[in-house]
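Please read the structure below before turning to the comments.
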Amino acid sequence: MRLFQRDAYISMDFKDKKVQILRKSANFAKIMAKYVFNKKNMKIEDFVDMKELTAVHHSKDALTYELEAFIAAISADLNPIVDGVAGTRALRVAFQIMECMKTTRI
């Protein structure tokens with residue numbers, strides 16, 4: 001999944017459990033002016049702050065943890081973390097995304 005923000009680009013790889021965040025450098029304007037007027041060699045590291053995050057490896061996937069939490073909540077007579085309303089909303093969004101994928105060509 002890729003997210004494009006005004007000041008950042010975020011890439012999430014769910015299979016490999018990695019997130020890469022590229023943010024505009026805090027000194028972007030100063031650095032850009034320096035390069036524009038001096039025409040020096042540009043390096044991407046001068047313009048972008050890069051961070052890569054890797055999730056801790058777990059033997060179970062997220063769905064298994066979610067189901068275990070749901071069963072534990074029901075067993076203890078507590079409200080589940082994700083209740084029916086939130087689950088229904090998430091499912092509705094998923095169906096909307098699937099419909100867009102069928103009808104939209106890029």
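One table, with the values for the structure above:
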quantity: Qualifying positions in segment 54-74 - modelled with pLDDT under 75 and not small (G, A, S); calculated: T54, V56, H57, H58
quantity: Pair list, Cβ < 7 Å and 6+ apart or interchain, from segment 1-21 residues that are at positive phi to residues that are among the β-branched types (V, I, T) and assigned to a strand (DSSP E or B); calculated: K17/T54
quantity: Some residue of segment 25-35 being modelled with pLDDT under 70 and part of a loop (DSSP other than H, G, I, E, B); calculated: no
quantity: Restricting segment 64-105 to residues that are loosely packed, with under 11 Cβ neighbours inside 10 Å and of a type in the set (S, T, Y), the residue that is farthest from M1 (Cα to Cα); calculated: S75
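The values are calculated or read from the model by the stated rules, or taken from the named source; none is laboratory data. Note that this is a predicted model, so its numbers are computed, not measured. Note: ideal-geometry Cβ built from the backbone for every residue, glycine included; neighbour counts use all protein chains shown.
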